[in-house]
Amino acid sequence: MPSLPLIARRTPSALEQLDALSNEMNIAFFSCVADLVTRGRLGLEAQAKQHGSTTVLLHSLAVAYYAESMARTLGAVGPLPELRRGALLHDYFLYDWHDAHDPRNRHHALLHPRYACDNACEDFPDLTELEREIILRHMFPLTLVPPRHAEAWIVTTVDKWCASYETAKRKTDAYPHLRALIGTYLPELVF
Ligand SMILES: [Fe+2]
Ligand SMILES: [Fe+2]
């Protein structure tokens, strides 16, 4: 009886599995960014600086991207689409907080989560309670009420890391890796 040909069943390496996950995550992430730009005013965030040479838009993308990566690593959080959208909109205040003539700049640090949440609710009426919490609580402990859910804790933590990092980088590019990803997945985005 002829022997059956030996077929080596190749299982994907850990690195290949990680790459597949990254690709899947990147597609979902940048689809969400495109949706918020198309249906809302996220693109306006490219017109104002946040920290150092980083615009509010690039800062928001960085916070959302690294918050989602952290959540996936921890594996102990709930819905990633809500974490992603809440994080992308966490600084959706839509004015230049460096402009001394803009009256909204008074108490910016304390009040911008409320402005951001109001704008987000106006543009995206389907915003969930968790997404609103992520936006409203991201400045804790400066704003006194703490987040309740793990997703909101992750975003407020990553936001502080990104803000410190961007400030330290001053005029140099804080996120070359993220810029490269934007070039690949959403090249039409101006950030
Ligand atoms: Fe903020
Ligand atoms: Fe922020």
Output for Cβ contacts, cut-off 6 Å, separation at least six or different chains, first residue part of a loop (DSSP other than H, G, I, E, B) in the stretch 35-63, second β-branched (Val, Ile, Thr) and surrounded by fewer than 18 Cβ atoms within 10 Å (Cβ to Cβ), reads His51/Thr167; Gly52/Thr167
Condition first: under 16 Å from Arg41 (Cα atoms) and basic (Lys, Arg). Now tell me which residues in the stretch 66-104 satisfy that. Arg85
Could you tell me which residue of the stretch 129-183 is farthest from ligand 1 (Cβ to nearest atom), considering only residues that are in contact with a Ser or Thr (Cβ under 6 Å, 6 or more places away or on another chain) and in contact (Cβ under 8 Å) with a residue 24 or more places away in the chain? Lys171
Just one of Tyr185, Tyr95, Tyr175, Tyr165 is touching a Lys or Arg at 6+ places or on another chain (Cβ under 7 Å) and of a type outside the set (Lys, Arg); which is it? Tyr95
Residues that are within 12 Å of ligand 2 (Cβ to nearest atom), modelled with pLDDT of 95 or more and touching a helix residue (DSSP H, G or I) at 6+ places or on another chain (Cβ under 7 Å): does the stretch 97-114 have at least one? yes
Does the stretch 123-140 contain any residue that is among the β-branched types (Val, Ile, Thr) and crowded, with 19+ Cβ neighbours inside 10 Å? yes
Restricting attention to the stretch 99-118, which residues are loosely packed, with under 12 Cβ neighbours inside 10 Å and within 14 Å of ligand 1 (Cβ to nearest atom)? His107, Ala109
Return yes when Ser60 is modelled with pLDDT under 95, out of contact with any Pro (no Cβ under 9 Å at 6 or more places or on another chain), polar (S, T, N, Q) and closer than 26 Å to Lys169 by Cβ and no when it is not. no
Starting from residues that are farther than 16 Å from Tyr65 by Cβ and among the aliphatic types (A, V, I, L, M), keep the ones in the stretch 19-45 and report whichever is surrounded by the fewest Cβ atoms within 10 Å (Cβ to Cβ). Ala20
Applying the selection to the stretch 64-80, what residues are part of a helix (DSSP H, G or I) and either of a type in the set (Ser, Thr, Tyr) or surrounded by 14 or more Cβ atoms within 10 Å (Cβ to Cβ) (or both)? Ala64, Tyr65, Tyr66, Ala67, Glu68, Ser69, Met70, Ala71, Arg72, Thr73, Leu80
Those residues of the stretch 86-96 which are out of contact with any Leu (no Cβ under 7 Å at 6 or more places or on another chain), over 15 Å from Val158 (Cβ atoms) and either of a type outside the set (Phe, Trp, Tyr) or at pLDDT below 95 (or both), in sequence order: Tyr95, Asp96
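The values are calculated or read from the model by the stated rules, or taken from the named source; none is laboratory data. Worth saying up front: this structure is predicted, and the values here are computed from it rather than measured. Neighbour counts are summed over all protein chains in view; Cβ atoms, including those assigned to glycine, are modelled from backbone coordinates with ideal geometry.
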